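S.K.: Handing you a structure now.
The values are calculated or read from the model by the stated rules, or taken from the named source; none is laboratory data. Here the structure is a predicted model, which means the values were calculated and not measured. Please note: Cβ atoms are built from the backbone with ideal geometry, for glycine as well, and neighbour counts cover all protein chains shown.
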Amino acid sequence: MKTLRALAALLSYPTAELVAASCEIREAIDGDRVLPAAERAGLHRLIDDLAGGDLYDQQERYGLLFDRTRSLSLHLFEHVHGESRDRGQAMVDLLKLYEENGYTPTATELPDYLPLFLEYASTREPRAAVELVGQPANVIAALRERLAKRGSPYGAVMSALLAISKARLDETALARLRAEPDPEPDDLEALDAAWVEEEVTFGPGSADAQSACAVEGLSTRLRAAMRPAEGVAPPLTRGRRAPPPSSPGARS
């Protein structure tokens, strides 16, 4: 699905190559005809914004939103597992899913990075792609709300993903996500507090167990789809953005 690849490109770190591919991205979105007119119009505004602004300003804005602000992290499992050990196993499961379906990520990002996840989904047949995009729908809905609060044009990508998946949102899971700290990127003290790692505990009553149960969908269904790998340590550090592909919008 070309639209998913176009959305992955729009969520990637702004580069001169991305700006140069803006017409191709627009054509892919309009040519697929999988999005309603309102969602396409929102994406057009984002494309125009990226193409018409100063590149360094665009890069700074991107970093403030998605790198500095934990509540806007584009790493899906950040919102599902935080720093619990379940996150490491979920990463392994997702990477195995990619590999077993013939997809080899070329970026050096963690497998739960949303643009990378969308690149993978774009390689599947349409029904499977829609099902995949629907799995993290609660996280995507929370990201859309937080971006809308900031008046960010990137919210159009989240709206488009929800329109594609048509997934039914879990209000209980959304309430838990909404309750998470959501500081502004210039509130350094609040940002530091949001990134503080909580103690990892285990058992049915632990915070980790409650968090994993609260945002069901992506990790649970991935675990059910494959045999868990054993003896793999969880990541010790939080993933960060890697340089994007040279021409993210040029691929079909």
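S.K.: Just checking, how many residues over region 85-109 are charged (D, E, K, R) and surrounded by fewer than 17 Cβ atoms within 10 Å (Cβ to Cβ)?
M.R.: Keep residues of region 85-109 that are charged (D, E, K, R), which gives 85-87, 93, 96, 99-100, 109.
Applying the additional criterion that residues be surrounded by fewer than 17 Cβ atoms within 10 Å (Cβ to Cβ) yields 85, 99-100.
Residues meeting the conditions: 3.
S.K.: If I ask for residues that are at pLDDT below 85, assigned to a helix (DSSP H, G or I) and within 25 Å of Leu147 (Cβ to Cβ), which ones from region 78-127 would you list?
M.R.: Of everything in region 78-127, those that are at pLDDT below 85, assigned to a helix (DSSP H, G or I) and within 25 Å of Leu147 (Cβ to Cβ) turn out to be Glu78, His79, Val80, Arg87, Ala90, Met91.
S.K.: Applying the selection to region 110-164, what residues are in contact with a Pro (Cβ under 7 Å, 6 or more places away or on another chain) and surrounded by fewer than 20 Cβ atoms within 10 Å (Cβ to Cβ)?
M.R.: Ala163
S.K.: Kindly check whether there is at least one residue in region 38-50 that is within 14 Å of the chain's Cα centre (by Cα), buried (at least 21 other Cβ atoms within 10 Å of the Cβ), part of a helix (DSSP H, G or I) and at negative phi.
M.R.: Residues of region 38-50 that are within 14 Å of the chain's Cα centre (by Cα), as a first pass: none.
Taking every residue of region 38-50 in turn, none turns out to be within 14 Å of the chain's Cα centre (by Cα), buried (at least 21 other Cβ atoms within 10 Å of the Cβ), part of a helix (DSSP H, G or I) and at negative phi.
S.K.: Restricting attention to region 128-162, report how many residues are in a helix (DSSP H, G or I), over 15 Å from the mean Cα position of the chain (by Cα) and closer than 27 Å to Gly53 by Cβ.
M.R.: Total meeting the criteria: 2.
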